[in-house]
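What follows is a set of notes on a single structure, which appears directly below.
The values are calculated or read from the model by the stated rules, or taken from the named source; none is laboratory data. Predicted, not measured: the structure shown is a model, and the values here were computed from it. Every residue, glycine among them, receives a Cβ derived from its backbone with ideal geometry; neighbour counts consider all protein chains shown.
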Amino acid sequence: MKRTWTEDFKYGLKRGLPIAMGYVPVSFTFGLMAVSGGIPAWMAIFISLSNLTSAGQFAGTNLIIMGASYLEITLTTFIINIRYMLMSLSLTQRLDKSMSLPKRLLVGYGVTDEIFSIASMEQGTLTFPYLLGLIIGPVLGWTTGTALGAIISAALSESLSSAMGIALYGMFIAIVLPVAKKSKQVTIIVAISVAIVCILRYMPLFQMISSGFRVIIATIIGAGIGAILFPIEDDKVEDEDNLGEQYVPSRSSCEHGGRGSIE
């Protein structure tokens, strides 16, 4: 049975609530880092409200604090955030064909790794009210966490606020370690990327390369080596896709205890 606009919207809100709650502590760290680095609290909040790019947002803001060039900031954030283009292109194949361009742009603005994952698990056509509900919670969670971090950082003493700069490195470690513990391939790629950054940083031959371009070079080379050493076979991708199609939580099942249906 086809759902009403309100029912779809409420269902999206319910699905996005866990994402919103998870975003608060991460964006809180961003607010602390941005304000302790000299960025006004209102600007930090505006950055989070205008883009939901997580790692790209942290990296870009850190480069701004370090006084990097516009070219470095642009290239770094583009490389880190290019995955969102692929996610958005994938979701367009599932959108309601009658969805207008402004609505599609709004959906594109709200696409994150977690939102893409949840939306991809849904069966059938993705409607605008469902996606709107799914996006609103994470946007509010990300912005609220940033506001709290920015306000608290502004109230701290100068010495304590400066010490909060280490939160950025803690955040990246928290992102990498859980994945690296489960995947030897990820651990190797991370180690290669770190080694490249160290070479570019400490070898006299590469001293003229700025920190922003070191990140760009290490990212490209590390990802390239990873693709060569650990390619994903087409058969494996097809098997994973088929497995994902066998177990998909339907809307009705999520509303009655969260159990999925096996087809």
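Applying the selection to region 52-77, what residues are without any contact (Cβ under 8 Å) to a residue 40 or more places away in the chain and assigned to a helix (DSSP H, G or I)?
Gly56, Gln57, Gly60, Thr61, Ile64, Ile65, Tyr70, Leu71, Thr74, Thr77
One line per residue, one yes/no per condition, for (1) of a type in the set (Ser, Thr, Tyr); (2) in a helix (DSSP H, G or I); (3) buried (at least 18 other Cβ atoms within 10 Å of the Cβ):
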| residue | (1), (2), (3) |
| --- | --- |
| Thr187 | yes, yes, no |
| Ala191 | no, yes, no |
| Val194 | no, yes, no |
| Leu200 | no, yes, yes |
| Met208 | no, no, no |
| Gly212 | no, yes, yes |
| Val215 | no, yes, yes |
| Ala218 | no, yes, yes |
| Gly222 | no, yes, yes |
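Go through region 89-119 and count every residue that is more than 17 Å from Asp8 (Cβ to Cβ), of a type in the set (Ser, Thr, Tyr) and surrounded by fewer than 16 Cβ atoms within 10 Å (Cβ to Cβ).
4
Which members of region 94-126 meet the condition of being in a helix (DSSP H, G or I), out of contact with any strand residue (DSSP E or B) (no Cβ under 8 Å at 6 or more places or on another chain) and closer than 22 Å to Val26 by Cα?
If the condition is that a residue be in a helix (DSSP H, G or I), out of contact with any strand residue (DSSP E or B) (no Cβ under 8 Å at 6 or more places or on another chain) and closer than 22 Å to Val26 by Cα, then Gly108, Tyr109, Asp113, Glu114, Ile115, Phe116, Ser117, Ile118 are the ones that fit.
Assuming Asp113 fulfils every condition listed in (1) at pLDDT 90 or above; (2) in contact with a Lys or Arg (Cβ under 9 Å, 6 or more places away or on another chain); (3) not β-branched (Val, Ile, Thr) apart from one, which condition is it?
Among (1) at pLDDT 90 or above; (2) in contact with a Lys or Arg (Cβ under 9 Å, 6 or more places away or on another chain); (3) not β-branched (Val, Ile, Thr), Asp113 violates only (1).
Do the conditions hold for Phe46, that is, is it among the aromatic types (Phe, Trp, Tyr), surrounded by fewer than 21 Cβ atoms within 10 Å (Cβ to Cβ) and either within 21 Å of the chain's Cα centre (by Cα) or not in a helix (DSSP H, G or I) (or both)?
yes
Only one residue in Phe213, Phe172 is at pLDDT below 80 and aromatic (Phe, Trp, Tyr). Which one?
The match here is Phe172.
Among the candidates Leu86, Leu105, Leu49, which residue alone is more than 28 Å from Arg214 (Cβ to Cβ), out of contact with any Asp or Glu (no Cβ under 7 Å at 6 or more places or on another chain) and free of Cβ contacts under 8 Å to residues at least 40 places away in the same chain?
Result: Leu105 is the single residue among Leu86, Leu105, Leu49 that is more than 28 Å from Arg214 (Cβ to Cβ), out of contact with any Asp or Glu (no Cβ under 7 Å at 6 or more places or on another chain) and free of Cβ contacts under 8 Å to residues at least 40 places away in the same chain.
Can you name the residue in region 1-43 that is modelled with pLDDT of 90 or more and outside any helix (DSSP H, G or I) and, of all such residues, is surrounded by the fewest Cβ atoms within 10 Å (Cβ to Cβ)?
Here the answer is Pro40.
Just one of (1) of a type in the set (Asp, Glu); (2) touching a Lys or Arg at 6+ places or on another chain (Cβ under 8 Å); (3) at pLDDT below 80 trips up Glu122, so point out which.
Every condition holds for Glu122 apart from (3).
Condition test on Ile80, is it modelled with pLDDT of 90 or more, assigned to a helix (DSSP H, G or I) and within 21 Å of Leu105 (Cα to Cα)?
Answer is no for this residue.
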